[in-house]
1. For VAL227, which sequence-distant residues (separation of 5 or more, or a different chain) have an amide H within less than 5 Å of its own amide H, given hydrogens modelled in the peptide plane?
2. Can you list residues whose amide H is under 5 Å from LEU90's amide H, if they're 5+ apart or on another chain and H is modeled 1.01 Å from N?
3. On C-alpha positions alone, give me the angle between the axis of helix 261-270 and the longest principal axis of the chain, in degrees, nearest 10.
4. Please report the projected area of segment 46-98's Cα convex hull averaged over all directions, in nm².
5. Given the peptides 83-93, 103-113, 63-73, arrange them by the average over their residues of other C-beta atoms within 10 Å, most packed first.
6. Non-local amide H neighbours of ASN164 (under 5 Å, H modeled in plane, Pro and chain starts lacking H): which ones?
7. Just how large is the dipole of segment 31-186 about the Cα centre, in debye to the nearest 20, putting +1 at every Lys and Arg Cβ and -1 at every Asp and Glu Cβ?
8. For segment 88-158, with only Lys/Arg (+1) and Asp/Glu (-1) charged at the beta-carbon, what is the dipole magnitude about the Cα centre, in debye rounded to 20?
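No lab work stands behind these numbers, since they all come straight from the coordinates. Model, not experiment: these values are computed from the prediction. All Cβ positions, even for glycine, are placed from backbone atoms using ideal geometry, and neighbour counts span all protein chains on display.
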Amino acid sequence: MKIITVLGARPQFIKAAPVSRVLREKHTEIIVHTGQHYDPNMSDIFFEELNIPKPDYHLAVGSGSHGKQTGEMLQKLEEIVLDEKPDYLLVYGDTNSTLAGALVAAKLHIPVIHIEAGLRSFNKKMPEEINRIMTDHVSEFLFCPTDTAVENLKNENITRNVFNIGDVMYDAVLYNRAIAEEKSTILEDNGLEKKGYHLITIHRAENTDDVQNMQNILEAFSKIDTVKVWPLHPRTKNKLASYGIDVNAIPNLKLIDPVGYLDMLTLVSNAKKIITDSGGVQKEAYFMKVPCITVREQTEWVETLEEDANIIAGTSVDKILEAVQKNVEPSYKDVFGDGMASEKIVEIIETQS
């Protein structure tokens, strides 16, 4: 069996690591890196740390508008698929790379495998929501991380070849957490104490493209006394510069460059609380039982909201501060599978092929 895997962004590299490890035991995998995340700290380091084979193709698409970026991916991916003639094309999540891969394969009659299918925020202003919906509707195999995702697909009349196999990111966390504890020195390097800081990640377009949202978020940060650690995403850094916003004036804020996966696991697991707009970080916080505050109006990971393990604060200064100050002790249920999602995915594809 020959499968083309299309990757483009940090969360997809993380998800691909455990799946590729199992897939390559018996089958051929061709990895295409679109270059959607092109900063070495957002891309190269993940392939190295997670032992993902180097991409067979690198499209070097880089940043740009949704139309420009997706269009360039479509053109380049089509040539590769026609040349390689795979049995399947596999995509992860909800990025422009996901959509481009799915559209190319579907139009060339190559069955699409969508890992992390069925997620819905029910907010079509989010480009990720459009990408999810369109990818799900052209996919042959839909691997869902939760029962909620399966139900979302059912509500859209998608029931064939839909499987709840758990979350492949949970597979990755279980595999790499002990390695991170052994190898990462991020806390020592930055003078951080365990449970002595809040971890921040902000990169979603709904926030970074809205100057008022960013001003509100930063005002909230300025009123949080605890040490705050912020690995600054290149997109966010560029947007702040374009707005003329200087974050260096925020008290107790430690800006650092984007970090690799092992360092990020260490930062997440040892944080007092996490403030984010990232879907992946919301889950990592849940996996490692760290309270999370999400600066968005919705989340596709509704399971994390139970018992205030994750609090939706939007971009209201007051709501963010209220969530940060709230004492919570969630029970953290096993809603994301048993850490064997990758094995289940490969087994299902083998038996159905």
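1. Amide H neighbours of VAL227: HIS198.
2. ILE4, THR5, VAL6, ILE113
3. Once rounded, the angle reads 40 degrees.
4. Values: hull surface 17.9 nm².
Reported value for the Cα convex hull: 4.5 nm².
5. Details: 83-93: 20.9, 103-113: 19.0, 63-73: 15.8.
So the order, starting with the most tightly packed, is 83-93, 103-113, 63-73.
6. Sorted by chain and number, the residues that satisfy this are CYS144.
7. On the way: 13 positive and 24 negative charges, 97 e Å.
So the magnitude is around 460 debye.
8. Numbers: 6 positive and 9 negative charges, 44 e Å.
The calculated dipole for segment 88-158 is roughly 220 debye.
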